[in-house]
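Please read the structure below before turning to the comments.
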Amino acid sequence: MDKAREISESNPEAVLRRESLVSRRELLERLSPLGKVELDASRCTGCGLCVSECSTGALRISTGLETDAYQILFRHAVCIACGACVEICPEHCIQVKRVFEPEKIDDSIVLLEDKVLRCVKCGGTLGPGLMVAKIRARVSVASKVQPPSSTLCPGCRALGLFNRAD
Ligand code: SF4
Ligand code: SF4
């Protein structure tokens with residue numbers, strides 16, 4: 001046992017103070033009205049379902065107008081740990097725990113970073129790059145054919161087919 005710990009262990013008041021601190025923290029966590037979301041970014045597609053399900057605005061999507069940056073942001077201060085985001089997630093990659101972290105109250109945490117993919121013809125939004133890639137991979141596995149690799153939106157692709165039929 002190191003010297004500092006030895007002194008503190010021999011001081012019943014210090015032991016009591018430490019134990020009451022631990023239990024107070026545990027109590028705060030159990031009774032915390034707030035939640036903390038953790039997201040496994042390696043499995044998230046950025047589909048945004050969790051964001052649309054979050055009634056408090058604790059989760060939100062931020063997109064950069066000029067950079068095409070796509071982010072999912074989280075705010076501890078308004079998360080009520082309802083679990084709606086966990087239930088709706090098709091990839092099962094989001095978790096929430098009841099916890100109170102006063103030092104994070106003012107923070108907006110970036111849970112996912114991606115880029116918006118755009119139609120090469122009209123510039124319309126195709127969606128987050130991760131989601132588009134995942135849909136293509138799934139279509140390929142399900143239909144055993146290579147999905148169209150072009151970055152055209154459905155409208156421009158249909159117009160292309162229509163013009164070719166002329
Ligand atoms: S956490 Fe789940 S629901 Fe939310 S964006 Fe990622 S995949 Fe979609
Ligand atoms: S637990 Fe509820 S309030 Fe918190 S981020 Fe998820 S949906 Fe929003």
Any chance Leu111 is surrounded by 15 or more Cβ atoms within 10 Å (Cβ to Cβ), over 15 Å from Cys44 (Cα atoms), modelled with pLDDT of 85 or more and not aromatic (Phe, Trp, Tyr): no
Can you pull out the residues in segment 115-124 that are surrounded by 14 or more Cβ atoms within 10 Å (Cβ to Cβ) and farther than 11 Å from Gly155 by Cα? Lys115, Val116, Leu117, Arg118
If a residue must be out of contact with any strand residue (DSSP E or B) (no Cβ under 9 Å at 6 or more places or on another chain) and either at pLDDT 70 or above or among the basic types (Lys, Arg) (or both), how many such residues does segment 28-42 contain? 1
Among the residues of segment 27-73, which ones are within 16 Å of ligand 1 (Cβ to nearest atom), within 23 Å of Glu101 (Cβ to Cβ) and in contact with a Lys or Arg (Cβ under 7 Å, 6 or more places away or on another chain)? Gly35, Lys36, Val51, Ala58, Leu73
Go through segment 63-76 and give me each residue that's in contact (Cβ under 8 Å) with a residue 40 or more places away in the chain and crowded, with 16+ Cβ neighbours inside 10 Å. Tyr70, Gln71, Ile72, His76
Going by what's in this entry, would Arg138 be described as within 16 Å of ligand 1 (Cβ to nearest atom), surrounded by fewer than 17 Cβ atoms within 10 Å (Cβ to Cβ) and free of Cβ contacts under 8 Å to residues at least 12 places away in the same chain? yes
Name every residue in segment 43-62 that is loosely packed, with under 14 Cβ neighbours inside 10 Å and in contact (Cβ under 8 Å) with a residue 40 or more places away in the chain, in order of residue number. Arg43
All strands (runs of 3 or more DSSP E) inside segment 45-150 with 3 or more residues being within 16 Å of ligand 2 (Cβ to nearest atom) and closer than 30 Å to Ser23 by Cβ: 94-98
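The values are calculated or read from the model by the stated rules, or taken from the named source; none is laboratory data. Just so we're clear, the structure is a prediction, and the values are computed from it rather than from any experiment. With ideal geometry, Cβ positions are generated from the backbone for all residues, glycine too; neighbour counts draw on all protein chains shown.
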